[in-house]
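> To start, I am sharing the structure in question, which I have written as structure tokens.
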Amino acid sequence: MMQPLVLIVEDEAPLQELLTYNLQRAGFDVEQAFDGDQATGLVAERTPDLILLDWMLPHTSGIELCRQFRRKSETANVPIIMLTARAEESDRLRGLNTGADDYVTKPFSVEELVARMRAVLRRVRPAFAEELLTFADLTMDLAAHRVLRGDHEVHLSPTEFRLLRQLLERPGRVFSRDQLLDLVWGHDQDVELRTVDATIRRLRRALNDGGRTDLLRTVRAAGYALDHVEAQKHTV
Ligand code: CA
């Protein structure tokens, strides 16, 4: 999966929810921590690709936490963006040499924050810079959550979008129905294999609207792939 994992360390629940909602929409995986202990625990389980760190936290401050992350080998190179309440705090923070990569002052727009996050990720992990997935005349804009076939917008349900995204990340690769079930619907959901087939059918219909070339290859007894389907026009 190419979705970067972001750990949000923020004690204000409404801001946590707002950030989580918007960052997930922007294509990030999100974990939430409300204080330093939680953050340290989550980081120990799974190293995030980026940390959003509030300065004013209960118990351990964001500054102290930032220094702790920098000292640990697992997190020494994880980019950290600090969130601060006011411009003066932000200026003071810069002078403290905490090891943070960037500072964003509250209140901030989500667009601005996402732009800063992408800039930081581009610097350290060029693979995450990719916001567009393309194959043939198909384009998926992850940031805008849009799919185009040529100039035509393709309207997909959230499930169809996730399914297409999986296929678009590895064009040509055949995914079994079991794999797609896990990747798109998750392990613990009570979804049957034929749901995958039904969703593929709807996705194919949406993509081929107007008699366009079929890009979804059905591999008998194996699964599905996004591929150049030779000399085949799909009839809707
Ligand atoms: Ca706070």
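The values are calculated or read from the model by the stated rules, or taken from the named source; none is laboratory data. On a predicted model such as this, the values are computed, not experimentally measured, just so you know. Here Cβ is always computed from backbone atoms with ideal geometry, including for glycine, and neighbour counts include all displayed protein chains. Accessible surface is based on the protein model in full, side chains and every heavy atom, while ligands, DNA and RNA are left aside. Shrake-Rupley method; radii C 1.70, N 1.55, O 1.52, S 1.80 Å.
> Which residues, taken from the range 98-121, are open to solvent by 40 Å² or more (accessible area, probe 1.4 Å) and not basic (Lys, Arg)?
Answer for the range 98-121, where residues must be open to solvent by 40 Å² or more (accessible area, probe 1.4 Å) and not basic (Lys, Arg): 101, 105, 107, 109, 111, 112, 115.
> Would you please name the residue that is surrounded by the most Cβ atoms within 10 Å (Cβ to Cβ), looking only at residues in the range 47-72 that are in a loop (DSSP other than H, G, I, E, B), within 14 Å of the ligand (Cβ to nearest atom) and of a type outside the set (A, V, I, L, M)?
Taking the candidates together, the pick is 55.
> Hey, can you tell me all the residues within the range 44-78 that are out of contact with any Lys or Arg (no Cβ under 8 Å at 6 or more places or on another chain) and among the aliphatic types (A, V, I, L, M)?
44, 50, 51, 52, 53, 56, 57, 63, 65, 78
> Being open to solvent by 30 Å² or more (accessible area, probe 1.4 Å) and within 15 Å of the ligand (Cβ to nearest atom) is the filter here; which residues of the range 85-97 pass it?
Residues satisfying the conditions are 85, 86.
> Quick check on my filter: what residues within the range 1-24 are β-branched (Val, Ile, Thr) and more than 15 Å from the ligand (Cβ to nearest atom)?
6, 20, listed by residue number.
> Considering only residues that are β-branched (Val, Ile, Thr) and in contact with a helix residue (DSSP H, G or I) (Cβ under 7 Å, 6 or more places away or on another chain), look in the range 1-42 and name the one that is surrounded by the fewest Cβ atoms within 10 Å (Cβ to Cβ).
The residue in question is 30.
> A follow-up question, please. For the range 124-227, give me every one of the strands (runs of 3 or more DSSP E) that falls completely inside it and has 1 or more residues that are surrounded by fewer than 17 Cβ atoms within 10 Å (Cβ to Cβ) and either at pLDDT 85 or above or among the β-branched types (Val, Ile, Thr) (or both).
132-135, 138-141, 146-149, 152-154, 216-219
> What residue, among those in the range 20-42 that are over 25 Å from residue 142 (Cβ atoms) and assigned to a helix (DSSP H, G or I), is nearest to the chain's Cα centre (by Cα)?
39
> Taking interchain pairs and intrachain pairs at least six residues apart, which have beta carbon atoms under 9 angstrom, with the first residue in the range 49-60 and among the polar types (S, T, N, Q) and the second open to solvent by 20 Å² or more (accessible area, probe 1.4 Å) and within 12 Å of the ligand (Cβ to nearest atom)?
Once the first residue is among the polar types (S, T, N, Q) and sits in the range 49-60, its partners that are open to solvent by 20 Å² or more (accessible area, probe 1.4 Å) and within 12 Å of the ligand (Cβ to nearest atom) give 60/35.
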